[in-house]
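Engineer: Next up is a structure, given as structure tokens.
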Amino acid sequence: MKYAIIDTETTGLDPARSAILELAIIVWEDGRRAERFHTKIKPTDAELALAQRRALEINGYAARPQDWDDAPTFVEVAPEIARLLDGCTPVGHNVQFDIGMLRANLKRHGFRGRVPYPAIDTITLVLEHLFPLGLERASLDSVREFLRWSSVGAHTAAKDAEDTLALFRLLW
């Protein structure tokens, strides 16, 4: 099997209005890491005008927008996204959020790239395996605390994708 562990950081929660600010995709194939892609994505002025302040605070854009100055645009990375997802089963923590964001952004920017379906949500794995052991909330932050994993770098696409991969490998 070939899996694409995905995580997005966005300008909001509504795929129809929100842009992807950061993306990580880890391709896991035949029990090993086959590829890793991570990038910040420079938002347009129009996308920033629709952004939710809280989302920008969580993902760090509000504090350091200059970190995105040299980032590629979504249009520039869309072909690579489509290539990486091709033939993969998407995996994510609340994966429908990330899939919805990818689909909406691909469509909004005129790409016909397909986001595969079905997908595996590690929240389901957490509910099945960790709730019986005493975990009370399924957020990735709660999982990190429960498993005593570091939270340094949390809410970045790279850290969240790496932790989602570790969780997937632990519980799948």
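Engineer: Would you mind stating whether Ala166 is within 17 Å of the chain's Cα centre (by Cα), surrounded by 13 or more Cβ atoms within 10 Å (Cβ to Cβ) and either closer than 25 Å to Ile41 by Cα or modelled with pLDDT under 95 (or both)?
Structural biologist: For Ala166, the condition - within 17 Å of the chain's Cα centre (by Cα), surrounded by 13 or more Cβ atoms within 10 Å (Cβ to Cβ) and either closer than 25 Å to Ile41 by Cα or modelled with pLDDT under 95 (or both) - is met.
Engineer: Just for the range 110-152: of the residues that are open to solvent by less than 40 Å² (accessible area, probe 1.4 Å) and at pLDDT below 95, which one is nearest to Thr73 (Cα to Cα)?
Structural biologist: Gly113
Engineer: Let me ask you something else. Which ones in the range 18-36 are part of a strand (DSSP E or B) and surrounded by fewer than 18 Cβ atoms within 10 Å (Cβ to Cβ)?
Structural biologist: Glu29, Arg32, Arg33, Ala34, Glu35, Arg36
Engineer: Something else: So the check is Cβ under 7 Å with 6+ separation or different chains; which pairs have a first residue in the range 142-168 that's without any contact (Cβ under 8 Å) to a residue 60 or more places away in the chain and a second one that's among the polar types (S, T, N, Q)?
Structural biologist: Arg144/Ser151
Engineer: For the range 61-84, enumerate the residues that are small (Gly, Ala, Ser) and more than 19 Å from Ile6 (Cβ to Cβ).
Structural biologist: Answer for the range 61-84, where residues must be small (Gly, Ala, Ser) and more than 19 Å from Ile6 (Cβ to Cβ): Ala62, Ala63.
Engineer: Please indicate, with yes or no, whether at least one residue in the range 37-47 is basic (Lys, Arg), open to solvent by 40 Å² or more (accessible area, probe 1.4 Å) and farther than 13 Å from Val77 by Cβ.
Structural biologist: no
Engineer: Just to check your reading of the model, which residue among Gly87, Gly153 is touching a Lys or Arg at 6+ places or on another chain (Cβ under 6 Å) and closer than 17 Å to Glu22 by Cα?
Structural biologist: Result: Gly153 is the single residue among Gly87, Gly153 that is touching a Lys or Arg at 6+ places or on another chain (Cβ under 6 Å) and closer than 17 Å to Glu22 by Cα.
Engineer: Could you list, in sequence order, all residues of the range 85-95 that are within 8 Å of Tyr3 (Cα to Cα) and either open to solvent by 70 Å² or more (accessible area, probe 1.4 Å) or of a type outside the set (A, V, I, L, M, F, W, C) (or both)?
Structural biologist: Thr89, Pro90
Engineer: Filter the range 50-67 down to the residues that are part of a helix (DSSP H, G or I) and more than 13 Å from Thr10 (Cα to Cα) and list them by number.
Structural biologist: If the condition is that a residue be part of a helix (DSSP H, G or I) and more than 13 Å from Thr10 (Cα to Cα), then Pro65, Gln66, Asp67 are the ones that fit.
Engineer: Of the residues Pro15, Pro72, which is touching a strand residue (DSSP E or B) at 6+ places or on another chain (Cβ under 7 Å), open to solvent by less than 70 Å² (accessible area, probe 1.4 Å) and part of a loop (DSSP other than H, G, I, E, B)?
Structural biologist: That would be Pro72, the only listed residue that is touching a strand residue (DSSP E or B) at 6+ places or on another chain (Cβ under 7 Å), open to solvent by less than 70 Å² (accessible area, probe 1.4 Å) and part of a loop (DSSP other than H, G, I, E, B).
The values are calculated or read from the model by the stated rules, or taken from the named source; none is laboratory data. Predicted model only: the values in this text are computed from it and were never measured. For neighbour counting, all protein chains shown are included, and Cβ atoms are generated from backbone atoms with ideal geometry for every residue, glycine included. Accessible surface areas use protein heavy atoms only, side chains included; no ligands, DNA or RNA. Shrake-Rupley method; radii C 1.70, N 1.55, O 1.52, S 1.80 Å.
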